[in-house]
1. Could you list, in sequence order, all residues of the stretch 101-111 that are in contact (Cβ under 8 Å) with a residue 12 or more places away in the chain and either β-branched (Val, Ile, Thr) or assigned to a loop (DSSP other than H, G, I, E, B) (or both)?
2. Which condition number does Leu50 fail, the rest of (1) at pLDDT below 95; (2) more than 23 Å from Asp96 (Cβ to Cβ) being met?
3. Does the stretch 99-109 contain at least one residue that is crowded, with 16+ Cβ neighbours inside 10 Å, modelled with pLDDT of 95 or more and within 29 Å of Glu176 (Cβ to Cβ)?
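The values are calculated or read from the model by the stated rules, or taken from the named source; none is laboratory data. Keep in mind that what you see is a predicted model, and the values were worked out from it rather than measured. Using ideal geometry, Cβ is built from the backbone for each residue, glycine included, and neighbour counts are taken over all protein chains shown.
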Amino acid sequence: MGHGSEVFALILTVHIALEIGSINASRFRFTNFVCDSVDESWISVHKCRLKAVQRGKTTLSFDGTVLKTVSTLKVHAQIFKRANGFKPWLYNITFDGCRFLRKPYEAPVVLVFNLFKPFSNLNFTCPYKGPVRVIGFHIIGEQIPVPLPSGEYLISIKWYLNKMLAISTSIYFSFEENLT
């Protein structure tokens, strides 16, 4: 084997080792999903559940019907991280849902919305009345669009339809970064 072949083999070995070392083997898992319909005259919840479909893969599904025409939608979302109970962590956002559905504008919300969108019928604008669905939503760790430390999290979302709290949803999940 000539000197050039040895150098090539060494470079190839280092390249393969770097590629394998950079593989992001993170694990994302939904642990609970709770929907509290505060005003059932506004929204009827037909399904709010998690379903284990494979080892390490759980899907989230929501199926509801907005019973009255919504002309204003305010959404308050907050992320909590578990540390001796769930403590506020990083984001606490209130935004105009109708404006967002017309033209997404809040960067952290856009990141999360883009994960949900392929699994939902969230392609409408206000005013709106009818079904709201997120079916079979799942994430693999590599899809998390921002660095996230390992831990247990809660995303609490309060949905205000025409200025009245109609439903509160809580999405619990665990995340482990860079498993080896």
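1. Initially, the stretch 101-111 is screened for residues in contact (Cβ under 8 Å) with a residue 12 or more places away in the chain, giving 101-102, 106, 108-109, 111.
Glu106, Val109, listed by residue number.
2. For Leu50, the failing item is (1).
3. no
Residues are listed down the side, and each one gets a yes or a no for (1) surrounded by fewer than 11 Cβ atoms within 10 Å (Cβ to Cβ); (2) of a type in the set (Asp, Glu); (3) modelled with pLDDT of 75 or more:
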residue	(1), (2), (3)
Phe8	no, no, no
Ile11	yes, no, no
Ile16	yes, no, no
Ser22	yes, no, no
Ala25	no, no, no
Phe33	no, no, yes
Asp36	no, yes, yes
Arg55	yes, no, yes
Phe62	no, no, yes
